[in-house]
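Worksheet for the structure shown next.
Please treat every number below as a calculation from the coordinates, not as lab data. Bear in mind the structure is a predicted one, so any value in this text is a computation, not a measurement. In this analysis, Cβ positions are derived from the backbone assuming ideal geometry, glycine residues included, and neighbour counts consider all displayed protein chains.
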Amino acid sequence: MARPRRSREMERGTAGPGPAPSAWAPLRIRLFRTLWIASLVSNVGTWMQTVGAQWLVVHDAHAAILVSLVQTAYTLPAVLFALVGGVLADIFDRVRLLVAVLAGMTATGAALTVLTAAHRMPPALLLMFTFVLGTGAILVAPAYQSLVPDMVPRAQLPAAAALSSININLARAIGPAIWRSTRWSCSGARRPVP
């Protein structure tokens, strides 16, 4: 598969020795900035869903096992499909793969939200949705990580990698906080239908 052509904007940061690029320099590149912001929104949603899913089952009679199963349903795809995600990122156009998988994750999240608000979310269905979202997350990661070197100059790769790590940790802090602040709107939907 041919790599995308590097734009003049990406080439500018690579000419000759000079001062080290700023830690924020990759965000000056429009394409990287757009992908970084989209990734942040997606990661925040992931953490909101993770906390919300665990909260949905915490009042169930079998809460101890269900809370563990929610986390297992999200992380099991990493064990099962990590290699598949890498192969797909190599075989298919990475941008199209990202868009397709993220669209599927958005549809899954929307269905999860509607069914939860309608009080139609039994634990088994919640675990299935969580597994699907975990699978999407593991399919997106290799495509995202392999796109970054095509978007930023080589000198800015360490900063881009650091910004990607910041993105994940920022979402890890913000997602549960946003979920907590919006929980009142779904407080009646916390008990799943048997």
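One table, with the values for the structure above:
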read-out: Radius ratio Rg over Rh of region 26-186, counting only Cα atoms, Kirkwood formula for Rh; value: 1.00
read-out: Cα→Cβ-extended label distance, 7 Å offset, between R120 and F92, nm; value: 2.8 nm
read-out: Exposure proxy ranking, count of Cβ atoms within 10 Å, fewest first, for D90, D150; value: D90, D150
read-out: Added length on full extension, which subtracts the Cα-Cα distance from 0.36 nm per residue, V79 to T182; value: 33.9 nm
read-out: Loop chymotrypsin sites (Phe, Trp or Tyr not before Pro), region 70-101, which have at most 16 other Cβ atoms in a 10 Å radius of their Cβ (DSSP); value: F92
